[in-house]
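Since every read-out is calculated from the coordinates, none of them should be taken as a lab result. Quick caveat, the model's predicted, so the values are computed rather than measured.
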Amino acid sequence: MIMQNKILFEERIAVNNSNHICSEIIKKYRIEQDIKIDDFAYAHLVYGIKDKPVLFHINFCNNDEVSTKNEFNIHLQNLNQESFFELLYLVTYYGFFKENEANLSLFKDNNFTGAIASYLESTNGKLLYHYQVEQLHSSVTNSTTEVAIAFRKAINLKRHSAFEKAKTILLPSGESLFEVITKYRFRDFTLYPKIKEAIALYNYLNQ
């Protein structure tokens, strides 16, 4: 369903631009993420206006070349805008989309079953987020949250020792955690889900 009269803006803005309508949002986000003003030259933003700017996506970079195709909106029109989980995926992974790839394909084929289906139900059978890897590790090994987080970080850093460890952790189905991670990750990494931005986008589109 396409929501009407909901304008989204997509711009690449100089981090030191104090005159832009989103300058305070960029500054606040940069401070929260401990990003120094000279770490990156630009902030790539997707936002709307509702009395004041509302942020939906931000990514820092050093390249000022930005597509004029308004790609976020193009992807948005191919999603169910009333599905919070689909919007969450878009705002979290948008900066990692690849050209000429079916970046939204995980929502087109959701026929998945198996022992880990409950962990991946909200993401149509794909490992997208850090917490999913951590939950899988904790549930199988009865480990603490701290141990699960350390394991997930090592996997995302592609440490050989972590992958070898994952091969020894078996699910009730007989699959190793290594096989699950290899088979079900949509990319070769997971991310923190951008809950706040997804809630803002959902409310902006559906209220």
Would you mind calculating the relative contact order of the chain from Cα pairs under 8 angstrom and at least 6 residues apart, reporting the percent as a whole number?
-> 21
Which distance in Å, rounded to a whole number, links the C-alpha centroids of the stretch 172-190 and the stretch 37-64?
-> 33
What's the Kirkwood radius of the stretch 35-75 in Å, using all Cα pairs?
-> 11.8
How big is the convex hull of the Cα atoms of the stretch 130-184, per residue, in Å³?
-> 69
Please state the equivalent ellipsoid semi-axes for the stretch 1-61: what are the square roots of 5 times the Cα gyration tensor eigenvalues, largest first, in whole Å?
-> 23, 11, 10
Using alpha-carbon coordinates, inclination of helix 130-141 to the longest axis of the chain, degrees = 10
So the angle from the long Cα axis of helix 145-156 to the longest Cα principal axis of the chain, reported in degrees to the nearest 10, equals 80
Nearest 10 degrees, 0 to 90: what angle lies between the long axis of helix 23-32 and the longest principal axis of the chain (Cα atoms)?
-> 30
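Quick check: convex hull over the Cα atoms of the chain, volume per residue in Å³, rounded to an integer?
Numbers: hull volume 30.0 nm³, N = 207.
Measuring per residue, one finds 145 Å³ for the Cα hull of the chain.
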Restricting to lysines and to Cα separations under 16 Å from Lys27, and discarding same-chain partners fewer than 8 apart, the set is Lys36, Lys52
Can you give the Kirkwood hydrodynamic radius for the stretch 89-191, in Å, rounded to one decimal and based on Cα pairs?
-> 14.2
